[in-house]
Amino acid sequence: MKLITAVVKPHRLDEIKEALQAFGVHGLTVTEASGYGRQRGHTEVYRGAEYTVDLVPKIRIEVLVEDDDAEQLIDVVVKAARTGKIGDGKVWSTPVETAVRVRTGERGPDAL
Amino acid sequence: MAPAITLAADAPTLSAANTGFMLICSALVMLMTPGLAFFYGGMVRVKSALNMLMMSFISLGIVTVLWVLYGFSMAFGTDSGSIVGWNSDWVGLGDIGLTELWDGYTIPVFVFLVFQLMFAVLTPALISGALADRVKFTAWALFVALWATVVYFPVAHWVWGAGGWAFELGVIDFAGGTAVHINAGAAALGVILVIGKRIGFKKDPMRPHSLPLVMLGAGLLWFGWFGFNAGSWLGNDDGVGALMFVNTQVATGAAVLGWLAYEKIRHGAFTTLGAASGAVSGLVAITPAGGAVSPLGAIAVGAVAGVLCAMAVGLKYRFGYDDSLDVVGVHLVGGILGSLLVGFFATGKGQSDVAGLFYGGGLDQFWKQCAGVFGVLAYSLVVSAVLALLLDRTVGMRVSEDDEVAGIDQAEHAETAYDFSGAGGGAVRTADAAPVAPAESKKVDA
């Protein structure tokens, strides 16, 4: 199994969710995150004091998939997340040893 | 404060209309203290929001009690030496008749004293904005009690009490430009020079945690200020209170525009915080002046206040004093401005026939205004610094560095302002889980 992690622009969430559902993914986890890459931050002004805000809001999407589906699923996520502007984010995959469905105790790919 | 209204040799009689109006005004002024708490509370970081709210709120407790015990007597009792008043009948407010009228007016003493009480509550609370994030709550509570006693009560007497030196000199301070705003602003400066900066001042970003809360506070202040200003005439028999009401609205609107215009040109954006701050700067500046100027004069006073205060809030970075929420930049500067501009814009057709420079009155009134401004400023600055120094040497003014960095809310109040965590609280019995034993003290992971 693979864990696909995507850190992307918050307003792309619905697109990505729909694309993943169309692909056949049954579940995912979304976390609100903040960070920066090449995009860097922006400047805010409070009573004349200017602050550089480095960390911009992002969402982090995590999906567990079987090994064979991983590459294709990454493409699906990237396609749905892309706006072509700086700050679109990153997608990566990591190997996963096992997974358990808490309710039934099923293990491995059956738990997905 | 209004001169005595005497109707053709008749002694004033109790007016139900004025009494009702003044009770409503008193409630409006009371609302300014919680309004101020929100205005300040939204401006600090999330870890000290509750402390900021409490610094204002505690004044409603402390000063209210002191006012009953001896504050009203000190501020408005029989003058001694033009410095302070005293009237032993008013100690504890026990010997005041229900229909006994405030001398020369149409409202009972009880109405006058509760209206003035709300001013006494608000003024120490104004200081708290300069001391954000770092002052021990006990030390602050003691400061409020001592400051009210040795600064506010006497200064209110100087400005509004019969026999007070500024009152007798003819300083125009309709609703508290000197006694409230300059007084609080100068005190803030005195205290911060003693206690020093917040950890991370000029290095860490210190963004307001909730601008909607700041806007809510500014709105409540604006609303309450109609009572503060229009009510200060203590009645409505000659329309001066209504002029003050109009000028309060007009100057504040102009100040919002002044601050925003300056900010757009200088920093490139119309900020929410700028609009809220502009409103407060206009309210401060029109407070001493609104009974003496025309509505066009009020536009000038407000616009100048909006621009100058927007410039003044930057001074703390240049000179390195940590006036955290700009009490000096807004209240001291705005108060001085409004008080001095009376010397130029007084029309002679409002609260008195004294005209300022632009209305053919020369500079006489301007010099009187200067005396009032700098007398109050110097006294409050010095005495407040001494009080802070005394408290710092005894109970200590500041919380520990660890507590300040971790957040004063938890250290001083054992609370957290917001709980956004969705975790925990699952009381549903599950198949294997044992029933949860009731705990003596509940643990919250946040």
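Can you spot a residue in segment B:245-256 that is among the β-branched types (V, I, T), touching a Leu at 6+ places or on another chain (Cβ under 8 Å) and touching a residue at least 12 places away in the same chain (Cβ under 8 Å)?
yes
Of all residues in segment B:377-396, at least one satisfies being small (G, A, S), exposed (fewer than 15 other Cβ atoms within 10 Å of the Cβ), at pLDDT 95 or above and farther than 30 Å from B:L340 by Cβ. Screening B:M55, B:M43 for residues that are within 15 Å of the chain's Cα centre (by Cα), touching a residue at least 12 places away in the same chain (Cβ under 8 Å) and surrounded by 18 or more Cβ atoms within 10 Å (Cβ to Cβ) leaves exactly one candidate, B:M55.
Restricting attention to segment A:16-26, the residues being at pLDDT 90 or above and either within 14 Å of chain B (Cβ to nearest Cβ) or surrounded by fewer than 17 Cβ atoms within 10 Å (Cβ to Cβ) (or both) number 6. Could you pull out the residue among B:V151, B:V194 that is touching a Phe, Trp or Tyr at 6+ places or on another chain (Cβ under 8 Å), modelled with pLDDT of 95 or more and of a type outside the set (F, W, Y)? Every option except B:V151 fails the conditions. Every listed requirement among (1) at pLDDT 90 or above; (2) surrounded by fewer than 17 Cβ atoms within 10 Å (Cβ to Cβ) is met by A:V63 save one, (2).
If the condition is being out of contact with any Ser or Thr (no Cβ under 7 Å at 6 or more places or on another chain) and part of a helix (DSSP H, G or I), then segment B:202-213 contributes B:P212, B:L213. Counting only helices (runs of 4 or more DSSP H) that sit completely within segment B:114-180, those holding 1 or more residues that are in contact (Cβ under 8 Å) with a residue 24 or more places away in the chain, of a type in the set (F, W, Y) and closer than 24 Å to B:L363 by Cα correspond to B:153-160, B:165-169. Condition check: crowded, with 24+ Cβ neighbours inside 10 Å and at negative phi. Does B:S210 satisfy that? Against the criterion (crowded, with 24+ Cβ neighbours inside 10 Å and at negative phi), B:S210 does not qualify.
Identification of helices (runs of 4 or more DSSP H) wholly contained in segment B:269-379 with 2 or more residues that are among the aliphatic types (A, V, I, L, M), closer than 19 Å to B:L221 by Cα and touching a residue at least 60 places away in the same chain (Cβ under 8 Å) yields B:272-289. Condition test on B:S232, is it in contact (Cβ under 8 Å) with a residue 24 or more places away in the chain, within 20 Å of the chain's Cα centre (by Cα) and more than 14 Å from chain A (Cβ to nearest Cβ)? So B:S232 passes the test.
Quick one: would you say A:A49 is over 14 Å from the mean Cα position of the chain (by Cα) and surrounded by fewer than 11 Cβ atoms within 10 Å (Cβ to Cβ)? In short, no.
Screening segment B:350-376 for residues that are surrounded by fewer than 16 Cβ atoms within 10 Å (Cβ to Cβ) and of a type in the set (D, E, K, R) and picking the one that is farthest from B:L296 (Cα to Cα) gives B:D364. With the requirement that a residue be in contact with a strand residue (DSSP E or B) (Cβ under 9 Å, 6 or more places away or on another chain) and of a type in the set (K, R), what does segment B:203-231 give you? Residue satisfying the conditions is B:R207 alone.
Counting residues in segment B:253-271 that are under 28 Å from B:T19 (Cβ atoms), more than 12 Å from chain A (Cβ to nearest Cβ) and crowded, with 24+ Cβ neighbours inside 10 Å gives zero. B:L389 satisfies every condition listed in (1) farther than 21 Å from B:E263 by Cα; (2) assigned to a loop (DSSP other than H, G, I, E, B); (3) in contact (Cβ under 8 Å) with a residue 40 or more places away in the chain except (2). When B:V313 is tested against the conditions (1) surrounded by fewer than 20 Cβ atoms within 10 Å (Cβ to Cβ); (2) within 12 Å of another protein chain (Cβ to nearest Cβ), the lone failure is (1).
The values are calculated or read from the model by the stated rules, or taken from the named source; none is laboratory data. Being a predicted model, the structure only gives us computed values, none of them experimental. Cβ coordinates were reconstructed from backbone atoms using ideal geometry, including for glycine residues, and neighbour counts include every protein chain displayed.
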